[in-house]
Amino acid sequence: MVNVGVLGATGMVGQRFIQLLENHPDFEVTALAASSRSAGKRYEDATTWYLDSEMPESVRDITVIDTNPDEMDDDVDIVFSSLPTEFAAKVEKEFAKDYVVASNASAHRMKKNIPLVIPEVNPEFLDMIDAQQKENDWDGFIVTNPNCSTIALTLTLKPIVDNFNVKSVRVSTMQAVSGAGYNGVPSMAIVDNLVPYIGSEEEKMETETLHLLGSFDGTQVNNADFKLSASCHRVPVIDGHTEAVFIELDDDFDIDDVKSKMVNFKALPQELNLFSAPENPVIVKEEDDRPQPRMDRNASNGMAVTVGRLRKDQAFDNSFKYVLVGHNTIRGAAGASILNAELINDKIL
C-alpha cells in the first residue's frame, strides 16, 4: 500500500480526491494539507463538505497540516495537488524535492521536462522525469494532468488522430459551474443565463491538446500538426462538460470507420488494468438526444467520455462532427491525477 497525501484537501477538487481514493486498492490517504486557517483541526471540523456523498470515515479524524513539505509525514510517497495556480507554482516544487507530485494545478503544465499526461494518450511523456530530477536535483518529481475540457476532447481525438489525417478541429464547449469551484460563479450570474467567456480556457484547450497529441523526441515535444480553435462557455450545469466538436480531415472517410475506431479505442491503462481506468475510454451513444451531462457524466465511474451525434458534416467536405460529455471534476481533474499516479506506481515506483 502506498501512502498518499492531498494538498488543497478542503476544496472541491481536494474533496473529490478524497472521495475517489476511498477504498483504493493501492493508495491510502494518510495526510491532508490545507491553508493555515485549517491546519491543526480535524478534517471534519475544517471542511464544508460539498459532494453528494458522505465524507469518508477514514479521513474525518485526520489532523490537517499546513501546506509545507516539512509538515508532511516521511512515509508519504505521493501527494495529489489541487492547489490554486499561484500557490502551486512555488509549493509543488518544494514538495517535488522529496515526493512524487501528481498535480491537477495548471502552474507547471507544459513546462520543460514536466510531463503533461493523459495515460491513454501520451504515457511516453513520463520519460521526461529523469531529466527533470537531474536538472533540479530532486528525489521526487512533478507530473501534471491537463485542463478538464482538454482531457475530454483529447481522449476522443486520440483514436481519430492515430487513424486519420486531421486537418483542423473546432470545438465549442458548454462547461459546468463546478469547474470554477464552489464560490467561482455567483448564482445571479449563471441562473437563467450563459456566460460566453472562461478566462484562459480557450488558450489552454488550443495549446494543451496539440501538445498532448504531439510526439516527444527525448528532448522536446513536437506539437500535433493540425489547427485547433476553441470557444468556451459556462452554463448552468453542476457537473459535466459538454463539447460540440467539428473535425476536418485531409481525405474522404467512412463515418462507420470513425465510429469503430472510437468504440474500440483502448490503451496502456486498459492493458495494465489500472484501478481507475475505464474499460472503454470513449463510449459512443446511438440515441439522437445523447450524450447529456445528467445522464452520461458518471459513465464508468466518471472516468469515460461519452460521444454522441457522430455524423458527417453535410456543409463541408471531408468533415464530421459530434458531441461529447465528460465529468470535469472526476476524469477532468482528481480522477486524471489519480490515474497518472497509478501509471507511475506501476511503471516507475
> Computed over the Cα atoms, what is the radius of gyration of the stretch 175-252 divided by 2.2 N^0.38 Å, N being its residue count?
Replying inline: 1.40
> Convex hull over the Cα atoms of the stretch 35-157, averaged projected area in nm²?
Replying inline: 9.1
> So, in Å, what gap is there between the alpha-carbon centers of the stretch 36-65 and the stretch 293-339?
Replying inline: 32
> Hey, what D do you get for the chain in µm²/s if you plug the Kirkwood alpha-carbon radius into Stokes-Einstein at 10 °C and 1.306 mPa s?
Replying inline: 78
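Rank Ser276, Ser103 by accessible area, highest first, at a 1.4 Å probe radius?
So, going from the largest accessible area down, we get Ser276, Ser103.
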> About the Cα centre of the stretch 283-349, what is the dipole size in debye to 20, counting +1 per Lys and Arg Cβ and -1 per Asp and Glu Cβ, all else neutral?
Replying inline: 100
> Just going by the charge dipole of the chain, with Lys and Arg at +1 and Asp and Glu at -1 on Cβ, which of Leu343, Asn222, Asn147 is farthest out on the positive end?
Replying inline: Asn147
> According to the square roots a ≥ b ≥ c of the eigenvalues of the Cα gyration tensor, what is the shape class of the stretch 49-107, taking rounded for a/c under 1.5, prolate for a/b larger than b/c otherwise, and oblate for the remainder?
Replying inline: oblate
>> So, R0 is 22 Å and r is the distance between the beta-carbons of Glu22 and Leu272; what FRET efficiency does that work out to, to 0.05?
In response: 0.50
>> Can you give the log10 of the normalised intensity I(q)/I(0) at q = 0.10, 0.16, 0.19, 0.22 Å⁻¹, computed with Debye over equal Cα scatterers of the stretch 121-247?
In response: -0.40, -0.85, -1.03, -1.21
>> How big is the dipole moment of the chain about its Cα centre under a simple scheme where the beta carbon of each Lys and Arg is +1, that of each Asp and Glu is -1, and everything else is neutral? Debye, nearest 20, please.
In response: 920
> To the nearest 10 square angstrom, how much accessible area does Asp139 have with a 1.4 angstrom probe?
Replying inline: 120
>> Need one word for the stretch 254-328: rounded, prolate or oblate. Basis is the Cα gyration tensor (sqrt eigenvalues a ≥ b ≥ c); a/c below 1.5 gives rounded, then a/b vs b/c decides.
In response: oblate
> Taking the Cβ of Gln270 as the center, what net charge do the other residues with Cβ under 13 Å away carry, scoring Lys and Arg +1 and Asp and Glu -1?
Replying inline: -3
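The values are calculated or read from the model by the stated rules, or taken from the named source; none is laboratory data. These numbers come from a predicted model, not from an experiment. So basically every Cβ, Gly included, is an ideal-geometry build from the backbone, and we count neighbours across all protein chains shown. Ligands, DNA and RNA are excluded from the accessible area calculation, which covers all protein heavy atoms including side chains. Shrake-Rupley method; radii C 1.70, N 1.55, O 1.52, S 1.80 Å.
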